[in-house]
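Q: Next up is a structure, given as structure tokens.
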Amino acid sequence: MTTLTVVQAGLGSPSSTQLLATRLAEATQRLVPDLEVRTAHLRDLARDIADNLVTGFPSARLREVVESVVGADALIAVTPTFNASYSGLFKSFVDVLEPESLVGKPVLIGATGGTERHSLVLDHALRPLFAYLRAIVVPTGVYAASSDWGADGLPGRVDRAAGELADLLAGRAPVKPAHDGFVPFDQLLAGR
Amino acid sequence: MQFGVFTVGDVTPDPTTGRTPTEAERIKAMVAIALKAEEVGLDVFATGEHHNPPFVPSSPTTMLGYIAARTERLILSTATTLITTNDPVKIAEDYAMLQHLADGRVDLIMGRGNTGPVYPWFGKDIRDGIDLAIENYALLHKLWREDVVDWQGKHRTPLQSFTSTPRPLDDVPPFVWHGSIRSPQIAEQAAYYGDGFFANHIFWPKEHFQRLITFYRERYEHHGHGAAHQAIVGLGGQVFMRRNSQDAVREFRPYFDNAPVYGHGPSLEEFTEQTPLTVGSPQEVIDKTLTFREHFGDYQRQLFLMDHAGLPLKTVLEQLDFLGEIVPTLRREFAVGRPADVPDAPTHSSMLKAVVR
């Protein structure tokens, strides 16, 4: 059995961060047989996380979540974008993990935001964070702006990212594109 | 079994009045607490060593020497002696001197100190913390046991034909505990020398310390000093008592809520559930303290932190009266079912007897 832990730092209810995290997890589940998925909703642990910062040790229920993150075969981490970065709650959770506890861990990163203009949060904030932690972040991160929920494109990115995570879990090299972008002319002419 | 108090020597405003004691008041309060500890029948007083505000005890042997002159029975100890940033030669000399003045009523708990800037102030680097603790203690151990020492190491100028004076009282070095809340290397160091291991477990849940103490016990046996259950273990504790549990909680809460270490975090109720902190009636403190043996095995020394977070001296002295009241019960209860081959904590007289025999 393979285990996947989903950490999401959405604050609202319903929450687009929660929604994106769920879709990423379901897409991964479709590709990885016998995948056990556990979900950590950081909002429910907000006080525990703050207490851990102060006291240096986790409460019993936070310890359970930390253990599920550290012990999982893969991690999906999704945060809302606040002031051009991950949310403070998200970072605080990462800050209470023991040093080196994510070394080598396959991670899929995701973020949500009000507008597309924040999409680089993935590559300017989340990716360097996990690089520092020496986790292995899959090439595709998934950013969902409000407008993405009413447009096409998001499901394809979700599937591509999930596929990369599944490949990493299976120890497969990422699948190369089947072609180099060549499209027969009759299809081009048909507008596709 | 030994019971006592340890103090960090923090100068903290009393959150209920906003008043901050002066350094002079705090230093005299620490002395008053030590004298009271002897008066109510405790065995040990241990002072912290710090070299940065808001702490006052930078010169432990000065204070302990003064207390030695005013007490008869009390064992004078440290919590902790900075084995990293102090020169081991000076530790060897200072504490041997104190031994003579106190007729042997001296031991030490070694610690590394966890405040980054203190290291460079003494020409050291916190990244060398473990290495300094290992090397400095190896030298200290030698200085107390060999009259003439040739020595060379990484962190100090070499010594040729050096004799540390005065020699330890009766040629019996003070007993040493090694304190750590995290580092298996320090537990291993304590086990290697057959020294004591002091786990100040007051701020964290017991599971963490169970691993550390079990490791120390196993390694103590491995290094041939005795069976694991005979290793010399000391524990911290933190209590506040009133006749009625509710009165204790009401009075202590503002101190808890504003305490330097854990204040503004978890609630008093959560913290007492997760850590050894006990706020309640004397019986509740007895009950909680007796659980330590279930978690960590039969042990030798129990030190309580009584005077931090801005508690006024008057209150602390009342707390010591409570301690004096419950310690006979604790002694009796801890003795029940204790295997005969579990040793007491070594003292000067017990170590002297062992040598003479």
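The values are calculated or read from the model by the stated rules, or taken from the named source; none is laboratory data. Since the model is a prediction, treat every value here as computed from it, not as a measurement. Cβ coordinates were reconstructed from backbone atoms using ideal geometry, including for glycine residues, and neighbour counts include every protein chain displayed. These area figures cover heavy atoms from the full protein model, side chains too; ligands, DNA and RNA do not enter into them. Shrake-Rupley method; radii C 1.70, N 1.55, O 1.52, S 1.80 Å.
Q: Please specify each residue of region A:27-50 satisfying the condition of being closer than 21 Å to B:Glu270 by Cα and in contact with a Leu (Cβ under 8 Å, 6 or more places away or on another chain). Before the answer, list the steps.
A: Of all residues in region A:27-50, those closer than 21 Å to B:Glu270 by Cα come to A:42-50.
Within region A:27-50, A:Leu42, A:Arg43, A:Leu45, A:Ala46, A:Asp48, A:Ile49 meet the criteria.
Q: Still on this structure: Would you check if B:Trp151 is farther than 19 Å from B:Arg182 by Cβ, open to solvent by less than 10 Å² (accessible area, probe 1.4 Å), in contact with a helix residue (DSSP H, G or I) (Cβ under 8 Å, 6 or more places away or on another chain) and in contact (Cβ under 8 Å) with a residue 12 or more places away in the chain? Quick ask: steps written out before the conclusion?
A: Values: farther than 19 Å from B:Arg182 by Cβ: yes; open to solvent by less than 10 Å² (accessible area, probe 1.4 Å): no; in contact with a helix residue (DSSP H, G or I) (Cβ under 8 Å, 6 or more places away or on another chain): yes; in contact (Cβ under 8 Å) with a residue 12 or more places away in the chain: yes.
Here the answer is no, as B:Trp151 does not meet what is asked.
Q: If you take just the helices (runs of 4 or more DSSP H) that sit entirely in region A:42-98, which of them hold at least 2 residues that are open to solvent by 10 Å² or more (accessible area, probe 1.4 Å), modelled with pLDDT of 95 or more and closer than 26 Å to A:Ser146 by Cα? It would help to see each step written out before you state the result.
A: Working: elements: A:46-55, A:60-71, A:88-96.
It comes to A:88-96.
Residues checked against (1) closer than 28 Å to B:Asp150 by Cβ; (2) in contact with a Phe, Trp or Tyr (Cβ under 9 Å, 6 or more places away or on another chain):
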position	(1), (2)
B:Ser77	no, yes
B:Thr81	yes, yes
B:Thr84	yes, yes
B:Asn114	no, no
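Q: Can we say A:Glu36 is farther than 24 Å from B:His264 by Cβ, touching a residue at least 24 places away in the same chain (Cβ under 8 Å) and either assigned to a helix (DSSP H, G or I) or in contact with a Ser or Thr (Cβ under 7 Å, 6 or more places away or on another chain) (or both)? Let's see the steps before the verdict.
A: Details: farther than 24 Å from B:His264 by Cβ: yes; touching a residue at least 24 places away in the same chain (Cβ under 8 Å): yes; either assigned to a helix (DSSP H, G or I) or in contact with a Ser or Thr (Cβ under 7 Å, 6 or more places away or on another chain) (or both): yes.
Yes: the conditions hold for A:Glu36.
Q: Of all residues in region B:287-337 being of a type in the set (Val, Ile, Thr) and open to solvent by 30 Å² or more (accessible area, probe 1.4 Å), which is nearest to B:Gln2 (Cα to Cα)?
A: If we filter region B:287-337 for residues that are of a type in the set (Val, Ile, Thr), which is where we start, we get B:289, B:291, B:315-316, B:326-327, B:329, B:336.
Narrowing further to those that are open to solvent by 30 Å² or more (accessible area, probe 1.4 Å): B:291, B:329, B:336.
Details: B:Thr291: 16, B:Thr329: 13, B:Val336: 15 Å.
Here the answer is B:Thr329.
Q: Specify which of the listed residues (B:Gly337, B:Gly265) is on the phi < 0 side of the Ramachandran plot and without any contact (Cβ under 8 Å) to a residue 24 or more places away in the chain.
A: B:Gly265
Q: Related question: What do you reckon, is B:Glu284 open to solvent by 10 Å² or more (accessible area, probe 1.4 Å) and more than 14 Å from every other protein chain (Cβ to nearest Cβ)? Lay out the reasoning, then the answer.
A: Values: open to solvent by 10 Å² or more (accessible area, probe 1.4 Å): yes; more than 14 Å from every other protein chain (Cβ to nearest Cβ): yes.
For B:Glu284, the condition - open to solvent by 10 Å² or more (accessible area, probe 1.4 Å) and more than 14 Å from every other protein chain (Cβ to nearest Cβ) - is met.
Q: Does A:Leu62 meet the test of being more than 14 Å from chain B (Cβ to nearest Cβ) and of a type in the set (A, V, I, L, M)? Talk me through it step by step, then tell me what you get.
A: On the way: more than 14 Å from chain B (Cβ to nearest Cβ): no; of a type in the set (A, V, I, L, M): yes.
Criteria not met by A:Leu62.
Q: What residue, among those in region B:240-260 that are closer than 18 Å to B:Thr12 by Cα and open to solvent by 10 Å² or more (accessible area, probe 1.4 Å), is farthest from the other protein chains (Cβ to nearest Cβ)? Talk me through it step by step, then tell me what you get.
A: Applying the first criterion (closer than 18 Å to B:Thr12 by Cα) to region B:240-260 yields B:240, B:251-260.
Next, only the ones that are open to solvent by 10 Å² or more (accessible area, probe 1.4 Å) stay: B:251, B:253-255, B:257-258, B:260.
Working: B:Glu251: 22, B:Arg253: 16, B:Pro254: 17, B:Tyr255: 16, B:Asp257: 12, B:Asn258: 12, B:Pro260: 11 Å.
Of everything passing the filter in region B:240-260, B:Glu251 is farthest from the other protein chains (Cβ to nearest Cβ).
Q: Checking the structure you have, find out if any residue of region B:45-59 is open to solvent by 10 Å² or more (accessible area, probe 1.4 Å) and under 11 Å from B:Ala102 (Cα atoms).
A: No - not one qualifying residue is present in region B:45-59.
Q: Of the residues that make up region A:49-59, is at least one of a type in the set (D, E, K, R) and out of contact with any Gly (no Cβ under 6 Å at 6 or more places or on another chain)?
A: Taking region A:49-59 first, the residues of a type in the set (D, E, K, R) are A:51.
Those left that are additionally out of contact with any Gly (no Cβ under 6 Å at 6 or more places or on another chain): none.
No: zero hits.
Q: Residue under question is B:Leu235, and the condition is that it be out of contact with any Gly (no Cβ under 9 Å at 6 or more places or on another chain), under 21 Å from B:Ala79 (Cβ atoms) and open to solvent by less than 10 Å² (accessible area, probe 1.4 Å); does it hold? Talk me through it step by step, then tell me what you get.
A: On the way: out of contact with any Gly (no Cβ under 9 Å at 6 or more places or on another chain): yes; under 21 Å from B:Ala79 (Cβ atoms): yes; open to solvent by less than 10 Å² (accessible area, probe 1.4 Å): yes.
Yes; evaluated as a whole, the condition is true for this residue.
Q: List every residue pair whose Cβ atoms lie under 8 Å apart, where the two residues are 6 or more positions apart in sequence or sit on different chains, the first residue falls within region B:301-328 and is modelled with pLDDT under 95, and the second residue, located anywhere, is assigned to a helix (DSSP H, G or I) and open to solvent by less than 10 Å² (accessible area, probe 1.4 Å).
A: As it stands, the answer is B:Ala309/B:Phe256, since those pairs meet every condition given.
Q: Which one of B:Ala32, B:Ala37 is within 15 Å of B:Leu317 (Cα to Cα), open to solvent by less than 10 Å² (accessible area, probe 1.4 Å) and modelled with pLDDT of 95 or more?
A: Details: B:Ala32 fails: open to solvent by less than 10 Å² (accessible area, probe 1.4 Å).
Result of the check over B:Ala32, B:Ala37: B:Ala37.
Q: Hey, another quick one. Consider A:Phe182 carefully, then state whether it is of a type in the set (Phe, Trp, Tyr) and more than 19 Å from the chain's Cα centre (by Cα).
A: So A:Phe182 passes the test.
Q: Quick one: is B:Ile181 within 14 Å of chain A (Cβ to nearest Cβ) and open to solvent by 50 Å² or more (accessible area, probe 1.4 Å)?
A: Working: within 14 Å of chain A (Cβ to nearest Cβ): yes; open to solvent by 50 Å² or more (accessible area, probe 1.4 Å): yes.
When the stated conditions are applied, B:Ile181 passes them.
Q: Give the residue, chosen from A:Ala72, A:Ala50, A:Ala84, that is in contact (Cβ under 8 Å) with a residue 12 or more places away in the chain and either closer than 25 Å to A:Met1 by Cβ or of a type in the set (Phe, Trp, Tyr) (or both).
A: Numbers: A:Ala50 fails: either closer than 25 Å to A:Met1 by Cβ or of a type in the set (Phe, Trp, Tyr) (or both); A:Ala84 fails: either closer than 25 Å to A:Met1 by Cβ or of a type in the set (Phe, Trp, Tyr) (or both).
From the options A:Ala72, A:Ala50, A:Ala84, the qualifying one is A:Ala72.
Q: Follow-up question, since we're still on this one. Provide a single number: the residues in region A:33-59 that are among the small types (Gly, Ala, Ser) and either under 26 Å from A:Glu116 (Cα atoms) or away from chain B (no Cβ under 12 Å) (or both). Give the steps one after another, and end with the answer.
A: Taking region A:33-59 first, the residues among the small types (Gly, Ala, Ser) are A:40, A:46, A:50, A:56, A:59.
Imposing the further condition that a residue be either under 26 Å from A:Glu116 (Cα atoms) or away from chain B (no Cβ under 12 Å) (or both) reduces the set to A:40, A:46.
Final tally of qualifying residues: 2.
Q: Every residue in region B:261-275 that is open to solvent by 10 Å² or more (accessible area, probe 1.4 Å) and away from chain A (no Cβ under 11 Å), please.
A: B:Glu269, B:Thr272
Q: So B:Pro174 clears everything in (1) over 22 Å from B:Arg105 (Cα atoms); (2) touching a Pro at 6+ places or on another chain (Cβ under 9 Å) except one condition, right? Which one?
A: Exception for B:Pro174: condition (1).
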